[in-house]
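Written out below as structure tokens is the structure these notes cover.
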Amino acid sequence: MEIALLSLDGFMFLLRWMHFFFGVIWIGLLYYFNFVQGPFFAETDAATKSNAIQKLLPRALWWFRWAAMVTFLTGLTYLATKGHRDGFEIFLTSWGVCILTGSTLGMMMWFNVWFVIWPNQQVVIASATQAASGGGALPSAAAAGSRALVASRTNACLSIPMLFFMGAASHLPLAVNPNVHFSNLAGVLSVIFVVIQVNARKGKTGPMTTIPGVISCGFALAAVLYTLVEVLTK
């Protein structure tokens, strides 16, 4: 008896399923941090905030960072397997352009989770724990919290075009010219992505300070990236 899940197609389906499942956990927690927890921390009293940082935040960050990791690994494995099965020329198609654009945004977000947000939040948690036990707050805690906020707001912004291109890969076919020089698109997008990442590491929230600002920036970035993809693949 042939069992569908035991085939290569079945393996790829399982990868996509796990990618979706852990992606929902990851992005759901990202929106929780930015749209729910942040405003609550700004309004609550110091004791409640300290208690939440010590007991709630570590649990949420555990699921957050490991969901990001599994999402990243399953997505990467899926793309490598699909390229091996269908030929890597598939990445020069409409599907490939969209999925690679979305994947790049996702990888930027994964990097920010593990190498910006998590290390800085560790400082914030350690500071709150030390202060609650009678010691002084860590001098670096305020700067660490600010840096984690910028990276988190950046990820919330990036998630909007990321989800757009992930969906567009299978549901919005583009009229891609197979003879176009894709290096032009890659070059322009690379410059945009580098600027965004430099700001996440060194800059400020800017218009992303407020929740409406984050959402507006995300939709504006999605519009800009889509326009560039349409123009530079013709």
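The values are calculated or read from the model by the stated rules, or taken from the named source; none is laboratory data. Because the structure is a prediction, the values reported are computed rather than measured. All Cβ positions, even for glycine, are placed from backbone atoms using ideal geometry, and neighbour counts span all protein chains on display.
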* Structure fact -> Subset of the range 177-220, residues touching a residue at least 24 places away in the same chain (Cβ under 8 Å) and basic (Lys, Arg), comes to ARG201, LYS204
* Between a first residue in the range 132-158 that is within 27 Å of PRO207 (Cα to Cα) and at pLDDT 95 or above and a second residue that is assigned to a loop (DSSP other than H, G, I, E, B) and β-branched (Val, Ile, Thr), which pairs have beta carbons less than 9 Å apart while being 6 or more apart in sequence or on different chains? -> SER146/THR205; LEU149/THR205; VAL150/THR205; ARG153/THR205; THR154/THR205
* Structure fact -> For the range 128-139, the count of residues that are out of contact with any Ser or Thr (no Cβ under 8 Å at 6 or more places or on another chain) and either surrounded by 17 or more Cβ atoms within 10 Å (Cβ to Cβ) or hydroxyl-bearing (Ser, Thr, Tyr) (or both) equals 2
* Please go through the range 217-231 and pick out each residue that is surrounded by 14 or more Cβ atoms within 10 Å (Cβ to Cβ), of a type in the set (A, V, I, L, M, F, W, C) and closer than 26 Å to VAL180 by Cα. => ALA220, LEU221, ALA222, LEU225, LEU228, VAL229
* Asked: Of the residues in the range 193-216, how many are aliphatic (A, V, I, L, M) and either surrounded by 13 or more Cβ atoms within 10 Å (Cβ to Cβ) or in contact with a helix residue (DSSP H, G or I) (Cβ under 9 Å, 6 or more places away or on another chain) (or both)?
  -> 6
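Taking PHE72, is it closer than 30 Å to ASN177 by Cα, hydrophobic (A, V, I, L, M, F, W, C) and modelled with pLDDT of 95 or more?
On the way: closer than 30 Å to ASN177 by Cα: yes; hydrophobic (A, V, I, L, M, F, W, C): yes; modelled with pLDDT of 95 or more: yes.
Spelling it out, PHE72 is indeed closer than 30 Å to ASN177 by Cα, hydrophobic (A, V, I, L, M, F, W, C) and modelled with pLDDT of 95 or more.
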* Structure fact -> Per the filter on the range 79-118, residues under 9 Å from the mean Cα position of the chain (by Cα) and surrounded by 18 or more Cβ atoms within 10 Å (Cβ to Cβ) are LEU105, GLY106, MET108, MET109, TRP110, PHE111, ASN112, VAL113
* **In the range 150-184, the residues that are surrounded by fewer than 20 Cβ atoms within 10 Å (Cβ to Cβ), part of a helix (DSSP H, G or I) and over 13 Å from the mean Cα position of the chain (by Cα)** => GLY167, SER170, HIS171, PHE182, SER183, ASN184
* To do: Filter the range 15-56 down to residues that are surrounded by 13 or more Cβ atoms within 10 Å (Cβ to Cβ) and of a type in the set (A, V, I, L, M) and give me whichever is nearest to LEU76 (Cα to Cα).
  => LEU15
